[in-house]
Structure formats: structure tokens, C-alpha cells
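A short worksheet on the structure shown next.
The values are calculated or read from the model by the stated rules, or taken from the named source; none is laboratory data. Note that the structure is predicted; figures quoted are calculated from it, not measured. Backbone-built Cβ (ideal geometry, glycine too); neighbour counts: all protein chains shown.
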Amino acid sequence: MIRWLFALLLVALPAAAAEEVVLGLSQSEVAITTNFNGSEIFVFGAIKRDAPMPEGDMGVIVTISGPPVPVSVRKKERRFGIWVNTDVVEIEAAPSYYAVATSGPLEDVLSTRENILRKVSVPSMIQSISAPTTVLDATGYVNALIRIRENAEAFQLLEGQVVVDDDTLFRTRIKLPAALTEGAYQTRILLTRDGAVVDQYQTAIDVRKVGLERWLYSLSRNQPFLYGLMSLAIAIFAGWSASAAFSLLRN
Amino acid sequence: MQIYLPIAEVSVNAFLLLGLGGMVGVLSGMFGVGGGFLMTPLLFFIGIPPAVAVATEANQIVASSFSGVLAHFRRKTVDLRMGVVLLIGGLVGAALGVFVFNYLKSLGQVDLLVKLCYVVFLGVIGGLMFIESLNAIRKTAKGGAVPKRKKHNWIHKLPFKMRFRVSGLYISVIPPLLVGLVVGILAAIMGVGGGFIMVPAMIYLLGMPTKVVVGTSLFQIIFVTAFTTMLHATTNFTVDVVLAVLLLVGGVIGAQIGTRIGVKMKAEQLRILLAIMVLAVCGKLAFDLLVMPSELYSIGAAEGH
């Protein structure tokens, strides 16, 4: 399923820099329906120039980040012969989903300094780690978080996946996994020259459960007692109707 | 067909869930057990978060037990008085169980607790059942007499005696209360009805006649699992009604098919098959605890500090 989330918008905007990222939103939502099985976001836009093209290698970076939430990473160790969770490291903000698409190798299109400053790559974006003093290798926990999320395709580094035509038009496709959480997905488009960011465009994609999913989820959070009673009513009705249906069949 | 589960927040194949529900339903119909002890570990294996699996399974058991207890009410094989005593113990146990569950969840040890409970209880029950049914098969082969049950034991010396007419018993309320309590704790922690523990306890410990045991345990299970469902729904928000519906549709149909298969098999054969299955699930869970996992780290939601 391809969602044309961004459409080209070539209206004249007041020029602030020599080069500017131009892009518009035709649709800014991903709806999680009952049969939601992941989605693909198609991002495309253009680079607007008032002056002749500046010198230096151009790069385009697109990042999509799910809502940052605190997580705890636990490590298993062998205790009394079985593997149990022991130490825990709290990470104050890690997005549930994060994708970086670039027009070339990341170290070529973005300098290390800019990477840290703008928190572009996955390791530079995970921050605020609080580890107890007993934990010596807190980075091991962060790496584990990244590894697990990368395996689940929740963290993606898509180097060279942004296609740039005639140094003006760019486009990329970014896959969203089926196990998606709700929230505002911050979307950034960075335009770089020789690794330095010359322009940044930021917007948000709203990922929401809709219809039945929305209704059930909000009922379970806002009216948990009612939700519990409803679950029980469904269960009792199903049990009764199964019993009734099969005793009818038997007669 | 993929279905996005609103509470578990994972996308799973609907037919897989229907199939699992059906398969466990067939087994539960064949052996006369709730099937929670099989379904909950299976849900872990397909990637449902353990907290959601346990809470949702409690909800599903309400449906299957309700379906079963109606048949027993028709046949008048429910000891309501005993059921209520077991239930009082069960409700206290369930509240304790959810409390322990939530406390260990905050320590990050809930998965371990649930799995350890499974390994211990499935191992003990499966082992005992296996030995007992092997002996029974050997005895029927030799044509020996069935051993007589002891009629009087320490249970009869306890105070607070009460008459249970349907069961034909005059015993203290303490043992049934304790049995109910233990089953309630297990129901909350393991996401099971607890029939596989309560039924042997009722026969061997309380000395109840076999014909009222299943109906009475189902009666108790409905209320304890309903209470557990409510506790999980209001404290953890982990009951996934979409998951429950998919499982119970397969489950109720499977149970009816299983009942028919069960009728055609001998009791000892059934019991030994059930014992093997219980031991297999136990073995798989024990193996996972004993062998070094391929990923040593796990991610969980941060608890408020």
C-alpha cells in the first residue's frame, strides 16, 4: 500500500536561504485500521533556488521518528541455572520507530558535528540514559536496544535510498512496520552541502488508530471498568450461544 | 488475513489465532480441561506480550467455562454450596495474584514468574498424571482392582464444618477455601482457569464425588477468571478483546469436536496423552529458561521512577 503523503507544491515561498526544500502535504495521516499490515510512505519534493547552484556536494536526508517514549532495557544473566533479568538501564527517550533515508553514505552527506547537533543517525538520537552504578557498560544496553529494534525493522538506516534527479527533485519510500504505535511521527528533510545542513523542513505525520481500533483502545484506557464488563459480556454471550447452538445441532 | 490487535499493538494472522483456538479447543474438549495452560504459552510463542496473553486468556476462559457449566447445570452436577466456598477463596487469591503480578512487573520479573509457575505446575501435574495413568493401564491389563480411596484423613479433624449436600460431604470449610485461594492466585498469575489443579485437589483432598467435580470447578472458574479479567482490565489495561474473540470462536467450535473424539477414547489413553502434552509444554518452557537466549537483552516499558 503506497500512501502519497506528500505532494509537490511549487508555490513561490519567500526565499530565506540560497537553497530551500519545498514540499507539501496532501495527506498527513496513517490510519491504523483492523486489517492494518504496515504501510509505505512516499516522500518527495524539490529544491528551490533563487541563485545559481552553489558549490559542494549536495545531499538529502529524510528522517521519520515515532513518538519518543521512555523504555527500560534489561539484561539476562544466569542465576541458579536459569536465565533471569538482572540489571536494568532506563533510557529516557527512544522513539518506537525511526527511519533515516539518505541520498548517499551517511558519513558523506552529513558531517559528524551536524549529525550530533541535529540528532540524525540512530545512535545520536537516543539520549538521556540513566544507569545504576552497578552497570558499567551502559552503551551495551543502548546498542542492544538499537539491535533489537533494527531486527524488528523499527529502526532503519536506508543509505542511498533517496533518489535525486537533476539536483532538484528528490523522492524516497519508507516502510512502516505493522506493529506501529500511535502518535505524531516527526518528519524531517535535511538539505546538505559538503556535510553541512543548509536547509531543514519539518512536519508531522499523524499515526492514529481509527474506527473500531480507536474505539476499543480509548474505551480500555478511559473506561476500563466498562471495557472489562463489555469483554465479559461478549465472553458470556459467546459461551452461551456455543452451548445453545450445539445442543440444537444434537437434537 | 492480518488483524491489528488494538491493545497488544501487534499485527497477527487472524486464521492463525482461529486455528490455535480451534486446536486448543479440540484438546480441551477431549480431555475436559480449560486449555488455558496450553493457550497462554502458545500466545507467548507467537509474540503476544505475556501481560496481554495472561489477561486475555482469563477472558477467553470465562467464555469456554460458561459454555461448559450450562451443560452441567442441566445435568444437575454442580455443587453450588461448595462452588461458593471455593469461589470466596478464589476471589481473595485472584486479588493477591494480580497484586503479586503487578509488583513483579515493576521489577521486570513478571515473565520469569509466569514461566517458572508454568514449568513447576505443568511438570508436577504432568508427571503425576503420567505415572498414575501408566499404573492404571498396567492394572487394567492385569485385571486388578481399583484402589479404594481413603475416607477419613486429617481434613476431617478441622473446625468450621459445613454440610455439602450435592457432594454428600460434611467437612471443614478451610480446605476448600485454601484450594480456592491457590487456584485464584494461579489464575491471576498464569492466565489459566486452574481446573488442572482444582480437579485433582477436589477428588483427592476434599473427597468429592467425580461426577460433580468438573461442573463445580467450572462454576468457580467462571467467577474467578471474570474477576481476574476485571482486575487486569482496570489496573494493567491488558485485556485485548479482539484477541479474545478470535480465540474463543475457534475454541468453542473446537471444544465440541474434541468432546466427540474424547468419547471414543479410553480414559487411561486420554490421560496419558494429556500428561505427555503437559510435559511437552513444560519441557519447552524449561528449555527456554535453561538455555542461553540468543538475545540477552529485552526492551520493556519504563516504569515510573
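Examine the stretch B:131-138 for a residue that is buried (at least 24 other Cβ atoms within 10 Å of the Cβ) and modelled with pLDDT of 80 or more, and state whether such a residue exists. Scanning the stretch B:131-138 turns up no residue that is buried (at least 24 other Cβ atoms within 10 Å of the Cβ) and modelled with pLDDT of 80 or more. Elements of the type helices (runs of 4 or more DSSP H) sitting completely within the stretch B:27-113 and holding at least 3 residues that are touching a Pro at 6+ places or on another chain (Cβ under 9 Å): these cover B:36-45, B:80-107. Exactly one residue out of A:ARG79, A:ARG118, A:ARG113 is touching a residue at least 60 places away in the same chain (Cβ under 8 Å), surrounded by fewer than 21 Cβ atoms within 10 Å (Cβ to Cβ) and of a type outside the set (A, V, I, L, M, F, W, C): that is A:ARG118.
Of B:PHE223, B:PHE219, B:PHE237, all but one fail to be on the phi > 0 side of the Ramachandran plot and either assigned to a loop (DSSP other than H, G, I, E, B) or within 17 Å of the chain's Cα centre (by Cα) (or both); the exception is B:PHE237.
Scan B:GLY191, B:GLY168 and give me the residue that is under 18 Å from the mean Cα position of the chain (by Cα) and among the small types (Gly, Ala, Ser). Please lay out each step first, then the result.
On the way: B:GLY168 fails: under 18 Å from the mean Cα position of the chain (by Cα).
Result of the check over B:GLY191, B:GLY168: B:GLY191.
Of all residues in the stretch B:46-68, those that are over 15 Å from the mean Cα position of the chain (by Cα) and more than 18 Å from B:GLU9 (Cβ to Cβ) total 1. Every condition in (1) at pLDDT 85 or above; (2) crowded, with 21+ Cβ neighbours inside 10 Å; (3) facing another protein chain (nearest Cβ under 10 Å) is met by A:ILE234 except one, and the failing one is (2). Filter the stretch B:18-45 for residues that are within 13 Å of chain A (Cβ to nearest Cβ) and at pLDDT 85 or above; which is nearest to the chain's Cα centre (by Cα)? Looking at residues that are within 13 Å of chain A (Cβ to nearest Cβ) and at pLDDT 85 or above, I get B:GLY21.
Of the strands (runs of 3 or more DSSP E) lying entirely inside the stretch A:1-90, those containing at least 1 residues that are charged (D, E, K, R) and at pLDDT 80 or above are A:19-22, A:39-49, A:68-79.
Quick test of your reading of the structure: B:SER172 fulfils all but one of (1) surrounded by 13 or more Cβ atoms within 10 Å (Cβ to Cβ); (2) away from chain A (no Cβ under 14 Å); (3) modelled with pLDDT of 85 or more. Name the failing condition by number. Of everything listed in (1) surrounded by 13 or more Cβ atoms within 10 Å (Cβ to Cβ); (2) away from chain A (no Cβ under 14 Å); (3) modelled with pLDDT of 85 or more, B:SER172 misses just condition (3).
Counting the residues of the stretch B:214-241 that are crowded, with 24+ Cβ neighbours inside 10 Å and more than 14 Å from chain A (Cβ to nearest Cβ) gives 3. Among residues of the stretch B:286-299 that are more than 8 Å from chain A (Cβ to nearest Cβ), those with a beta-carbon under 6 Å from a residue that is in a helix (DSSP H, G or I) and crowded, with 18+ Cβ neighbours inside 10 Å at least six positions away or on a different chain give the pairs B:ALA286/B:VAL119.
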